[in-house]
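To start, the structure under review is shown below, and the notes come after it.
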Amino acid sequence: MAAEPMDLMDALRDTLKNAIIVDGVTKGLRESVKMLDKRQALLCVLAESTDEKNIIKLVEALCKEHGINLIKIDDAKKLGEWVGLCKIDKEGNARKVVRCSCAVVSDFGRESIALEVINDHFKRSVTAEA
């Protein structure tokens, strides 16, 4: 029985988890923009539910200018939970989740199937644009 293919959001969550282990995730807009501007980012994750639309324009422009891959997700609370901006209770559920508008990965950690799914996503989007 073959395992069902991993979708992009599950792959992103696993990749962020691996990157957190090796301290390769920068959280928050200010620190993320610094990493993007220094060209030290490998991947940028942006929450579309951000109140200020200029934030989205800024991050998109920096990613495009420096050739950094960008993934958009719908909810800032979901991104906050994925990057560890929450408390975990005894049952393993996330509590007191803080919103995160932007996160940048500078080190993926170990190679994984999730990382391959994300790389394949960007390869397909580049060939579709060409």
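The values are calculated or read from the model by the stated rules, or taken from the named source; none is laboratory data. Because the structure is predicted, anything quoted here is derived from the model rather than measured. In this analysis, Cβ positions are derived from the backbone assuming ideal geometry, glycine residues included, and neighbour counts consider all displayed protein chains. In case anyone asks, the SASA skips ligands and DNA or RNA and just uses the protein heavy atoms, side chains included. Shrake-Rupley method; radii C 1.70, N 1.55, O 1.52, S 1.80 Å.
Please determine whether any residue of segment 90-101 is at pLDDT 85 or above and not in a helix (DSSP H, G or I). Yes, that holds for at least one residue. Residues that are under 16 Å from the mean Cα position of the chain (by Cα), touching a residue at least 40 places away in the same chain (Cβ under 8 Å), closer than 19 Å to K34 by Cβ and surrounded by fewer than 17 Cβ atoms within 10 Å (Cβ to Cβ) do not occur anywhere in segment 92-102. Of the candidates E31, E60, the single residue that is assigned to a helix (DSSP H, G or I) and under 22 Å from N119 (Cβ atoms) is E60. Taking the residues in segment 65-86 that are assigned to a helix (DSSP H, G or I) and open to solvent by 50 Å² or more (accessible area, probe 1.4 Å) as candidates, determine which candidate is modelled with the highest pLDDT. Within segment 65-86, the match that is modelled with the highest pLDDT is E65. Modelled with pLDDT of 85 or more, buried (at least 17 other Cβ atoms within 10 Å of the Cβ) and closer than 15 Å to W82 by Cβ - does that describe any residue in segment 50-62? So far as segment 50-62 goes, no, none of its residues is modelled with pLDDT of 85 or more, buried (at least 17 other Cβ atoms within 10 Å of the Cβ) and closer than 15 Å to W82 by Cβ.
Criterion applied to D89, D107 was being among the acidic types (D, E), surrounded by fewer than 17 Cβ atoms within 10 Å (Cβ to Cβ) and in contact (Cβ under 8 Å) with a residue 24 or more places away in the chain, and the one residue passing it is D107.
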